[in-house]
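Heads up: the structure comes next, in structure tokens.
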Amino acid sequence: MMVARWTALPTLALISLLATACVNPNSGGGRPSPATSAAASAGAKRIGFFGFAKANSFSAATFAGIEEHARANGATAEFLDPNFDAQAQVRQLQDAVTAKRFDVFVVQANDGAAVVPAIRSAVQAGVTVVVHFTPVGTRYDTAQPQVDGTITLVDVPTLNGEGLGRLAVQACESKKLNPCEVGYLEGLKALPLDNARTQAAVGALEAAPNVRVKARLEGGYTQESGRKAMQDVLQREPGIDVVIGASQAILGAEAVAGGKEVMFIANGASRQTVKAVQEGRWFAAYYLPVKTLGAKAAELGLGRALGKQVPDTNIMTDVQPGTSMGTKDALAQVSGEYDE
């Protein structure tokens, strides 16, 4: 999911849902078609999607939803690719404001603090800005806009962490374990967003009387990092009962666990993750409908740009209620909207 260079970005939004393995074939690659260019010249609303990277399957699925909604509503959409580079993304935003290229920005911030000045400039220039998935600003415990005039559609990191913790408690209760030993594979310790999520998850775990947090290691966002972290967990705590981590890390951890009866909690929403829960290999996953949320971002942005009243604050888990706490029952009718 991640590349090593991300660790150098202090507030980079490395979210467990990201996966760099493949590009969604339905995303269109982000290049405007001749029909798109014609529509733009005819006065159609223009959406600029400032995603994490085109090579990232989560971003590609998001753009597929944006592009689909735009086309259905007479608008155009273009993916501007910073390739995980926070400063490149800031320059893209600044250039787009100066050139007046778009009526709507949908922004997946690689660095939520770094983009604030550019987003503020966009709002002042009359661009409708939708903050998508990761908060823009320095707070990770709120969905409310941290830049005046923006619309948010985010997954609040602390709420995400609390959800992961509660799913692990459910796993412990399902086996009536007392005590129940839990390992938490946090994303990247250098990132404030990951630290906020980790603190929230550990808080939920420690509040449960029969749960013991026995291991906290950096699990990262790749299968390789997940394998290494799981090896360390099993060496230190061979009796571990539950392991939480990003879906990519859990794929690696599962391979290391072998025949041990470990219950896995994944932070991810790919088709592979959903299948693992449905098959009973993993206990649960924190699920978000990624392509649907891309379409929702386009809907909010175009609505505001066309003068409609839309809410300023929107939480992703409210878009498809009942599935974010993704146990086997909750995901029974879900297939996932992108591939790892």
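The values are calculated or read from the model by the stated rules, or taken from the named source; none is laboratory data. Predicted model, so just to flag it, every value in this text is computed and none were measured. Ideal geometry is used to build each Cβ from the backbone, glycine not excepted, and the neighbour counts take in all protein chains shown. Areas reflect the complete protein model, heavy atoms only, side chains present, ligands, DNA and RNA absent. Shrake-Rupley method; radii C 1.70, N 1.55, O 1.52, S 1.80 Å.
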So Val290, is it touching an Asp or Glu at 6+ places or on another chain (Cβ under 6 Å) and among the hydrophobic types (A, V, I, L, M, F, W, C): yes
Every pair of residues 6+ apart whose Cβ atoms lie under 6 Å, when the first sits in segment 281-300 and is closer than 14 Å to Glu68 by Cα and aromatic (Phe, Trp, Tyr) while the second is open to solvent by less than 10 Å² (accessible area, probe 1.4 Å) and not in a loop (DSSP other than H, G, I, E, B): none
Failed item in (1) farther than 25 Å from Val107 by Cβ; (2) in contact with a strand residue (DSSP E or B) (Cβ under 7 Å, 6 or more places away or on another chain), with Asp194 passing the rest: (1)
Positions within segment 174-196 being farther than 16 Å from Val242 by Cβ and either modelled with pLDDT of 95 or more or open to solvent by 60 Å² or more (accessible area, probe 1.4 Å) (or both), in sequence order: Lys189, Ala190
Segment 94-116: number of residues that are crowded, with 24+ Cβ neighbours inside 10 Å and at pLDDT 95 or above: 7
Only one of Ala61, Ala75, Ala21, Ala39 that is crowded, with 24+ Cβ neighbours inside 10 Å and either under 20 Å from Tyr338 (Cβ atoms) or at pLDDT below 95 (or both): Ala61
Candidate set: segment 325-340, residues that are open to solvent by less than 20 Å² (accessible area, probe 1.4 Å) and out of contact with any Pro (no Cβ under 9 Å at 6 or more places or on another chain); chosen: the one nearest to Ile66 (Cα to Cα): Tyr338
In segment 209-245, residue surrounded by the most Cβ atoms within 10 Å (Cβ to Cβ) [restricted to those that are touching a helix residue (DSSP H, G or I) at 6+ places or on another chain (Cβ under 7 Å) and among the polar types (S, T, N, Q)]: Ser225
Per-region count, segment 275-288, residues out of contact with any Phe, Trp or Tyr (no Cβ under 7 Å at 6 or more places or on another chain) and buried (at least 23 other Cβ atoms within 10 Å of the Cβ): 6
From Arg139, Arg91, residue being under 19 Å from Met316 (Cβ atoms), surrounded by fewer than 21 Cβ atoms within 10 Å (Cβ to Cβ) and without any contact (Cβ under 8 Å) to a residue 12 or more places away in the chain: Arg139
Checking Ile244 against (1) closer than 30 Å to Ala114 by Cβ; (2) in a loop (DSSP other than H, G, I, E, B), the condition it does not meet: (2)
Test: residue in segment 260-267 that is modelled with pLDDT of 95 or more and within 30 Å of Gly43 (Cβ to Cβ): no
Members of segment 247-263 found to be of a type outside the set (Asp, Glu) and not in a loop (DSSP other than H, G, I, E, B), listed by number: Ser247, Gln248, Ala249, Ile250, Leu251, Gly252, Ala253, Ala255, Val256, Ala257, Met263
Every residue from segment 291-323 that is open to solvent by less than 20 Å² (accessible area, probe 1.4 Å) and either under 19 Å from Gln170 (Cβ atoms) or more than 18 Å from the chain's Cα centre (by Cα) (or both): Leu300, Gly301, Leu302, Gly303, Thr323
Scope segment 123-158; condition closer than 16 Å to Val90 by Cβ, among the hydrophobic types (A, V, I, L, M, F, W, C) and in contact with a Gly (Cβ under 9 Å, 6 or more places away or on another chain); matching residues: Val123, Val127, Val129, Val131, Val136, Val147
Criterion (part of a helix (DSSP H, G or I) and among the acidic types (Asp, Glu)) met by exactly one of Glu162, Glu181: Glu162
